[in-house]
Every structure is written in C-alpha cells, then in structure tokens.
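Rule-based calculations on the coordinates, nothing more; no lab input. Nothing here was measured: the structure is a model prediction, and the numbers come from that model. Cβ atoms come from the backbone with ideal geometry, glycine included; neighbour counts cover every protein chain shown.
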Amino acid sequence: MYSELTAAGHDDFVIISAAQDSQGEAAAGKLFDKANVTYHCIVDATHKISTLFGWVNVPSAAWIDEEGRIVRSNEGVYAGEHTIKMGVASMSFGGTAFADATRDWVQKGADSEFVWSAEELREHLKPVSDDTLLADPTFKLGVHFVNDGDGERAQRHFADAQRLSPDNWNYHRQGWTHKSGGHALRMWSKKTKAMRENEPEKAYYDPMGLPGEDVKQSSQVEWIWTTLWRKLRGS
C-alpha cells in the first residue's frame, strides 16, 4: 500500500510501524528483515506506544494528520488478507477494508468520510478504571523481570496484569510468549474459544464500521484433520 500511494504522488504519506514485542529486537527484528520493508520501523519492547494510544490488541493503528491530530484510531487493522502455515495447522486472518479506507484518507484528507471528529474519537477510546491503570505498570514490571532473568517473578506480574485487565490481549499474548513449547498458541486458542462460547457478543477486535469489513475477523487455528473432517461430513 505504501509504494502504491507514493507512486501515485502521495509522498507526504508516511507509515511508521511499531512492533509491540516485549522480546525486543531479537524477535521483531527478524520479521522486519524478512519482510524487507520500505517504511519506518521501530521495536517497542515496553509497549509504550500501546499505553499512550490506549490500544489493547495488535495490529492497531492511528491516522495522524498534518497538524499532528489523531483523526482515527482503530483495532484490528490489516493491509490485506493473510494465511500463516504452522506445521499441521494454518491460520487465515485480515481483510482489505482498512487499507481501502486509508487510501481514501490519503487522497482526500479531512474530506474523507472515514475521518472521525473529536467526539467520535473519544467514543472509541477504551474506558479506564483503577484496575486497567494498575495493569499497565504491572505488565511492564513483568517485562523488566524477564529482561532481568527472573522468569518466575515475571510470570506472576504477567498473571496479575491479565487479571486486572482481562480484555487486553497484549498482556495475555506477551505473557504467554515467554513460555516455550507452543504455550502461547495453545493459550490463545483456549481464550478465543472460551470467548466465542461464553461471550459471543464480544469481538476480538472492535468493529471499525468500514465498508466491506469482516466484523468476525478473529481467526481460529485450522488443523489438517479439521479440514478433512469437514469434507467427510459434507460428502
């Protein structure tokens, strides 16, 4: 999308990609290098950016205009559709709705129908409570203890942050990734399954209200035998 827009003469459009990864450059840097990205990339190991913008999931994004004003801030923003192969499993996710809206904004600026007013932006901010405020430094203490080599104390702080802010997926996923053996994927699958079964009205990503949006774009892990079972049942 970046090269497409700059090629069309919109060279004042700038993308800054910030990896919210508590494992830092060792984990996120490899992905940036492999992707051979052509825009600005930084690694935010302490999740400072998510804290400042009030984001609870990735990917998230903000549109910031020429005056430095946030004119849109969304959850679940993808540039396209993706499929990741993971051994005997795969995961498909994403969509083009946000990318299409971004092109419209770059071309039309403040006249884009997808730009939010200050009131609309406030309505989309996450509510703040004493628990969510406490969860943030608690999570960051977990990151500190991981980097200090005290995994046991780190996990206690991650668990406390997850309890204090159960809807913050960043706290959950980042805490899980510090355990090996596929722990993070198993825990993510377990939590998303429980959400679908027990809280079907709750979305993994907040709806963006964009044309062509898949409001159920939270993905499930697809196993080879799941696909085969569907085929057998349909035959």
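So the values come out like this:
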quantity	calculated
Magnitude of the charge dipole, the chain, Cβ model with Lys/Arg +1 and Asp/Glu -1, debye to 20	1460
Whichever lysines have a C-alpha closer than 26 Å to that of Lys179, once near sequence neighbours (fewer than 8 apart) are set aside	Lys30, Lys34, Lys48, Lys85, Lys140, Lys190, Lys191, Lys193
Cα-based reach from Lys108 at 12 Å (exclusive), listing aspartates and glutamates while leaving out same-chain residues under 8 positions away	Asp65
Within straight-line cross-link reach of Lys202, aspartates and glutamates at Cα separation under 13 Å, skipping those fewer than 8 residues along the same chain	Asp167
Max mean-square fluctuation residue, GNM over the chain, Cα-Cα springs under 10 Å, options Gly87, Gly54, Gly76	Gly87
Per-peptide average of other Cβ atoms within 10 Å, ordering 155-161, 202-208 highest first	155-161, 202-208
Structure-based [θ]222 nm, the chain - -39500 (n - 2.57) summed over DSSP H runs of at least 4, per residue, nearest 500	-14000 deg cm²/dmol
Relative intensity, log₁₀ I(q)/I(0), of region 74-140 from a Debye sum that treats every alpha carbon as a point, q = 0.11, 0.29 Å⁻¹	-0.51, -1.19
Rounded to whole Hz, the Karplus (6.51, -1.76, 1.60) HN-Hα couplings of region 127-135, x for glycine and proline	x, 10, 10, 4, 5, 5, 5, 6, 4
Cα centroid separation, region 170-215 to region 36-69 (Å)	20
DSSP-defined antiparallel bridges as percent of all bridges, the chain, nearest 5	70
Hydrodynamic radius by Kirkwood, which averages 1/r over all alpha carbon pairs of the chain, in angstrom	19.6
